[in-house]
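Chemist: Just dropping this structure here.
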Amino acid sequence: MRVKAYLEVPKEISIFYRRSFLSLIKKALEKEDENYAKDLFQKKNFKPFTFCVFFENIRINGEILENNGKAIMTVSSGSPDFFHRFYNGLKKLREYNGRYTNGNIKVKKVLMCEEEQITKPRQTFRTLSPIVVINRDKKPVLPSKLGNRNDDFILYDDGAFTQELRYSLKCIFNGLPELKFEHQEGKKSVVKHVVGNRENEKVIKIVAYQGVFTLEGDPYVLNEVYKYGLGFRRYQGFGCLELVKES
């Protein structure tokens, strides 16, 4: 299931907005079930959701994202326990002020959306938020077609990219799902992101993949990927997907 929240936001918002929208999600869960939210956000627990935020008429000015004051937050999950608590809590949370929002976020409308079911073993997706893929050495991995000789710190390798994608899904399937990735079109994306607790926060640069791609696998696996997202850091606002319909 998916929730789409139509929001009124400050017209100047920090590029680190993902951190505050994650806090908004946590606050909505606390509104409905404080114990569930506390348990979910324990460090080692699997976070069964992904999200993205779409701002209208954006312009980047340094570390400020200028917009027209309207945004849509999409939150996707395959967990009924998470989904219903979040949906009910968000309807109770009419306003939220985050550290990186430069003002109040007002919830104007909340819609529940049911995803289309994938029935075939091959499906094309588009990223709504960039996909983060790293190997065991913490080195970013991208499809080989995006290769750049000046990026020695990035591994451009299709086989490694697919394998690490599978590892990113291990917590969903309790093992490595059979999956084949095929790049269609896209680009490297570099995102400034805040990590750490309030006492030791730091800004890092995340190299990610953004574009259109095809996955081959069991339809059950493809549906779970569609619900929970793809890649690492999904619950931090990465790896959210939409379907690309065949023409």
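Readers should treat all values here as calculations from the given coordinates under stated rules, not as data from a laboratory. Everything numeric here is computed off the predicted structure, so don't read it as measured data. We place every Cβ from the backbone using ideal geometry, glycine too, and count neighbours over all the protein chains shown.
Chemist: When the convex hull of the C-alpha atoms of segment 122-243 is computed, what volume per residue in Å³ does it have?
Modeler: 107
Chemist: Please compute the Kirkwood hydrodynamic radius of the chain from all pairs of different C-alpha atoms, in Å with one decimal.
Modeler: 18.6
Chemist: Report the Stokes-Einstein translational diffusion coefficient (µm² s⁻¹, integer) for segment 33-81, Rh taken as the Kirkwood radius over Cα pairs, at 37 °C with viscosity 0.692 mPa s.
Modeler: 242
Chemist: Another question, if that's okay. Give the Rg (one decimal place) followed by the Dmax (whole number) of segment 2-113, computed from C-alpha coordinates and expressed in Å.
Modeler: Looking at segment 2-113, its Cα Rg and Dmax stand at 13.7, 40 Å.
Chemist: Would you kindly state how much longer the chain becomes between ASN68 and ARG198 on full extension, computed as 0.36 nm times their sequence separation minus their alpha carbon distance, in nm to one decimal?
Modeler: Full extension of this stretch gives 43.9 nm more.
Chemist: Counting Lys and Arg as +1 and Asp and Glu as -1, each charge on the Cβ, what is the dipole of the chain about the Cα centre in debye, to the nearest 20?
Modeler: It comes to approximately 680 debye.
Chemist: As I understand it, the value is the acute angle between the Cα axis of helix 219-228 and the longest principal axis of the Cα atoms of the chain; what does it come to in degrees, rounded to 10?
Modeler: 40
Chemist: Tilt of helix 80-92 relative to the longest C-alpha principal axis of the chain, in degrees (0 to 90, nearest 10)?
Modeler: The angle comes out near 30 degrees.
Chemist: Check the chain for me: any Cys whose beta-carbon has no other cysteine beta-carbon within less than 4.7 Å?
Modeler: CYS113, CYS171, each lacking another Cys Cβ under 4.7 Å.
Chemist: Quick one: length gained pulling ASN174 to ILE58 fully straight, 0.36 nm per residue minus the C-alpha distance?
Modeler: 37.8 nm
Chemist: Helix-only estimate, please: 222 nm mean residue ellipticity of the chain, summing -39500 (n - 2.57) across DSSP H runs of length 4 or more and dividing by its residues, to the nearest 500.
Modeler: So the calculated ellipticity at 222 nm is -7500 deg cm²/dmol.
Chemist: Just to be sure I understand the model, the point goes 7 Å from the Cα along the line to the Cβ. What's the resulting GLU216 to PHE46 distance in nm?
Modeler: Once both label points are built, they end up 2.7 nm from each other.
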